[in-house]
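Here is the structure we will look at.
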């Protein structure tokens, strides 16, 4: 089985009032991590999507917390990012 390597991965922890994003990039043991928290108002979700896009990620993954993931996902789609959504218990 081949190992899949990504240049940049972003994980988004979705909460009712905030979106906590972690971007991880680098190679081997030389990894960089950037964490940024965004609010959930429209302008903040626009900023979150732009921040994600600026990292040119190979993969964006977010959790499905109730219905709260849907709106941030839509803002990511608007900038051309189609995130993977991790369903709890699946």
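Share of antiparallel DSSP beta bridges in the chain, in percent to the nearest 5?
Percent antiparallel among DSSP bridges in the chain is about 70.
Quick one: length gained pulling residue 65 to residue 22 fully straight, 0.36 nm per residue minus the C-alpha distance?
So the chain would gain 13.8 nm between residue 65 and residue 22.
Go ahead and run the numbers for FRET between residue 47 and residue 9, Cβ-Cβ distance against an R0 of 22 Å, rounding to 0.05.
After rounding, the FRET efficiency stands at 0.65.
How big, on average over all directions, is the shadow cast by the Cα convex hull of the stretch 8-86, in nm²?
4.7
Any idea what the relative contact order of the chain is, in percent, if you count C-alpha pairs under 8 Å spaced at least 6 apart?
The normalised contact order for the chain reaches 28 percent.
For residue 32 and residue 79 in the same chain, what is the full-extension length gain: residue separation times 0.36 nm, less their Cα-Cα distance, in nm?
Stretched out fully, the residue 32 to residue 79 stretch lengthens by 14.6 nm.
Translational D (Stokes-Einstein, µm²/s) of the stretch 2-51 at 4 °C and 1.567 mPa s when Rh comes from the Kirkwood sum over C-alpha pairs?
It diffuses with D of about 108 µm²/s by this estimate.
Tell me the mean residue ellipticity at 222 nm calculated for the chain from its helices only (DSSP H runs of n ≥ 4, each -39500 (n - 2.57), averaged over every residue, nearest 500).
Helix contribution divided over all residues of the chain: -7500 deg cm²/dmol.
Within 10 Å, count the other beta carbons around each residue, average over each peptide in 28-40, 65-77, and list them highest first.
65-77, 28-40
So, in Å, what gap is there between the alpha-carbon centers of the stretch 69-89 and the stretch 21-60?
13
FYI, it's all coordinate maths here, none of it is from the lab. These figures come from a predicted structure and were not determined experimentally. When we count neighbours, we look across all protein chains shown, and the Cβ atoms used for this are built from the backbone with ideal geometry, even at glycine.
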